[in-house]
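The structure under discussion appears below in the form of structure tokens.
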Amino acid sequence: MTRLNNLVVLNFKRVGNYFAILTCRNSQENIRPALISIRDQLIKPEYVIVVNDGSSDKTKEIVEDMKKQWSSLYLINNPDLGYDISRVVKNWNAAIRLAKEIGLKIDYHMIATDDTVYPIDYAEKIMLHMDTNPSLAIASGMYTRHKPLMPPGAGRFIRNSFFEGTTWKGYYPEQMGYESVLLYEAMRCGYSYEVVIDAKFKHTRSLGKHHKFYEFGASMRTLGYHPLFVFGRFLKYIITGQVTSRIGAVYMIFYYLSYAPKIHGYDRMYDQDIRNYVRSIQIGRLKHAFLKIKGRILNKL
């Protein structure tokens with residue numbers, strides 16, 4: 001059977017559909033290929049919502065030009081209030097509000113970024129996997145050679161039936177750790193998450209250019225990460241240079257240790273029940289790792 005026939009059969013059997021969210025700021029060098037890679041998916045999004053966060057370059061003009069030939073492309077323009085990483089999640093929620101106003105019933109939403117490019121079968125691979133695994137709430141592909149433990153933020157697909165039933169009722173919590181806490185919320189609600197290893201994508205900019213991994217470290221505190229778990233992750237990143245790079249690992253552990261709890265706003269702590277759940281999961285993983293190491297030592301004696 002040809003590739004085209006396979007796609008027809010897949011679409012006939014499949015009931016899932018999706019929309020994509022893409023936030024950007026001063027992205028004139030990257031925004032067009034990022035959007036083209038979404039537009040050209042074999043399984044196309046019902047619509048794509050771009051949130052332009054006050055760009056002072058030609059980002060807005062590029063997106064508006066693409067809109068002329070792309071009727072399902074929507075654009076939200078924010079005023080230029082300067083760079084602020086905390087607005088990313090606020091912009092996601094603005095796109096979700098617009099999606100609710102559009103009113104179509106959508107099974108998944110995709111989180112894209114202005115610096116990610118996806119092969120044409122990316123959405124097909126992710127959604128086929130999720131369609132056949134109803135307990136799978138969140139999935140994404142890979143952009144590194146090494147499989148990450150958790151789905152990366154860019155390229156994620158989120159099952160909307162799960163998302164609407166979360167503590168935040170179909171929106172993202174507007175505080176640090178919003179990507180990680182959704183994974184723990186999925187487990188707490190009886191769902192799972194997964195990295196689909198044959199769905200690859202690439203970043204066109206280096207990770208952590210602006211905030212130097214402040215959120216990697218500080219959000220571990222807001223989420224209640226166990227100190228031993230954080231130290232283990234630090235050692236892994238220092239030894240391998242993966243995910244954050246070695247200098248990023250140093251930033252991560254520094255901000256974890258130096259974070260001062262806030263009462264309100266983006267830097268506030270998560271509720272105690274969420275922090276307790278996160279820590280309980282990590283204690284279980286630490287015990288499992290300890291028993292595994294102990295077993296190896298005993299086998300060598």
Of the residues in segment 124-173, those that are aliphatic (A, V, I, L, M), over 12 Å from the mean Cα position of the chain (by Cα) and not in a loop (DSSP other than H, G, I, E, B) come to Ile126, Met127, Leu128, Met130, Leu136, Ala137
Would you check if there is a residue in segment 82-93 being of a type in the set (Ser, Thr, Tyr), touching a Phe, Trp or Tyr at 6+ places or on another chain (Cβ under 9 Å) and at pLDDT below 95?
-> yes
Looking across segment 5-46 at residues that are among the basic types (Lys, Arg) and open to solvent by less than 60 Å² (accessible area, probe 1.4 Å), the single one that is modelled with the lowest pLDDT is Arg14
Reported set for segment 89-107 where residues are under 18 Å from the mean Cα position of the chain (by Cα) and open to solvent by 60 Å² or more (accessible area, probe 1.4 Å) is Lys90
Out of all the residues in segment 111-118, is one or more open to solvent by 20 Å² or more (accessible area, probe 1.4 Å), part of a loop (DSSP other than H, G, I, E, B) and not acidic (Asp, Glu)? no
The residue that is nearest to Ile85 (Cα to Cα), considering only those in segment 174-193 that are open to solvent by 20 Å² or more (accessible area, probe 1.4 Å) and more than 12 Å from the chain's Cα centre (by Cα), is Glu174
query: For segment 210-223, does any single residue satisfy the condition of being more than 26 Å from Trp168 (Cβ to Cβ) and within 21 Å of the chain's Cα centre (by Cα)?
result: yes
Those residues of segment 222-272 that are among the charged types (D, E, K, R), part of a helix (DSSP H, G or I) and either at pLDDT 95 or above or open to solvent by less than 60 Å² (accessible area, probe 1.4 Å) (or both) come to a total of 1
Contact list, first residue from segment 243-261 and over 20 Å from Gln175 (Cα atoms), second anywhere and open to solvent by 50 Å² or more (accessible area, probe 1.4 Å) and among the small types (Gly, Ala, Ser), beta-carbon distance below 9 Å, six or more apart or interchain, is Ser245/Ser206
With criteria (1) touching a Ser or Thr at 6+ places or on another chain (Cβ under 9 Å); (2) more than 27 Å from Phe163 (Cα to Cα); (3) among the small types (Gly, Ala, Ser), Ser37 comes up short on (2)
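The values are calculated or read from the model by the stated rules, or taken from the named source; none is laboratory data. In this text the structure is predicted, and so the values were computed from the model without any measurement. Note that we place each Cβ from the backbone using ideal geometry, even for glycine, and neighbour counts take in every protein chain shown. The area values use the complete protein model at the heavy-atom level, side chains included, leaving out ligands, DNA and RNA. Shrake-Rupley method; radii C 1.70, N 1.55, O 1.52, S 1.80 Å.
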